[in-house]
Each structure stands twice: as C-alpha cells, then as structure tokens.
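Bear in mind these aren't lab numbers, they're just calculated from the coordinates by the rules spelled out. As the structure is a computational prediction, the values presented were derived from the model and not from experiment. Because the Cβ atoms are built from the backbone with ideal geometry, glycine has one as well, and the counts that use them run over all protein chains shown.
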Amino acid sequence: MDDFIGTGNQAVTAWQKMFQELTTEISNVYLVTIGAFRDGSERIRNDTRMQLLTHRALGYRDSVFHDHCNHFSTNEKSRILHYCKIASPASPRGFGDCALAIVLYHQCPNNSLAVLHASSQAWEPLFPRS
C-alpha cells in the first residue's frame, strides 16, 4: 500500500531490492494507491510483477505543462512555470518532470509543481515537505 505513484521509481526500487525476493511464492502481488500518474503506472507494470490498483489514475491532461492539459491557458502555464523556477530552478516541474498539482493530507509529493513543496532563498513553499 502506498499513497501516490509519480514516476514509479520508489515502488520499482523497493520491488527490486526487497519485495521481489519476498514474494517468489506468492502468485498475485498488489500495490494499492490513492493515485497514480500514467508514467509511473507503466513503469510498475513493465518492471515488476505487481498489479497496481489505484483510486485515481492521472494522465497527461493532469500534467500542468503538457499539451493535453487544458486546465490552464498558455499564459497561465507560463506564469506558473515562472514561479516554479523561483521555487526550484533545478526542478521546477517536480521530480521526474511530472508537473502535477497534487497535495495529500499528510504531505505534498515531490512530483508536484515546485511552487507547492519546494523551498529556496526566494520561495516559501505552500505545502512544505517533511
């Protein structure tokens, strides 16, 4: 069980380092999440034996700067990216360039936009990561 899948990196790494060996005798291994981004879901499907069950599947229309995202205009996306670069010049779109606008009750995933979770000399995050 996990809260959110962005790139799938953590789940695949945990699978390879630990769970793969522990589950050799088990035919069905499930990973249950609240939400999962398309790229991470595909990575888990391709690189593990886990079957992903998620409440909310997120696609490219949920990735703020993707062409398929119509939640914001081009001008709005440009302005958001401007502030994301202030918050985190190295990773303005969040880890893995997912560019998601996701905040959970207990934490903001690092795959979310930098303005939501990143801190810098010039930026105080809206939802600091613990």
Restricting attention to the range 10-34, which residues are surrounded by 17 or more Cβ atoms within 10 Å (Cβ to Cβ) and under 16 Å from Phe95 (Cα atoms)? Ala11, Val12
If you take the residues in the range 49-64 that are assigned to a strand (DSSP E or B) and without any contact (Cβ under 8 Å) to a residue 24 or more places away in the chain, which one is farthest from Leu104 (Cα to Cα)? Gln51
Search the range 65-103 for residues being within 12 Å of the chain's Cα centre (by Cα) and in a loop (DSSP other than H, G, I, E, B), and hand back the single one that is farthest from Asp3 (Cα to Cα). Arg93
Is it the case, given these coordinates, that Arg129 is buried (at least 16 other Cβ atoms within 10 Å of the Cβ) and either touching a Gly at 6+ places or on another chain (Cβ under 8 Å) or not in a helix (DSSP H, G or I) (or both)? no
Given (1) under 23 Å from Arg56 (Cβ atoms); (2) surrounded by 23 or more Cβ atoms within 10 Å (Cβ to Cβ), index of the condition His106 fails: (2)
How many residues are aliphatic (A, V, I, L, M) and over 21 Å from Ile34 (Cα atoms) if we restrict to the range 55-81? 2
Scan of the range 108-130 for residues that are touching a residue at least 60 places away in the same chain (Cβ under 8 Å) and polar (S, T, N, Q), ordered by number: Asn110, Asn111
Among residues of the range 1-48 being free of Cβ contacts under 8 Å to residues at least 60 places away in the same chain and assigned to a strand (DSSP E or B), the residue nearest to the chain's Cα centre (by Cα) is Ile5
Gly6 passes all but one of (1) surrounded by fewer than 20 Cβ atoms within 10 Å (Cβ to Cβ); (2) within 29 Å of Glu124 (Cα to Cα); (3) in contact with an Asp or Glu (Cβ under 9 Å, 6 or more places away or on another chain); which number fails? (1)
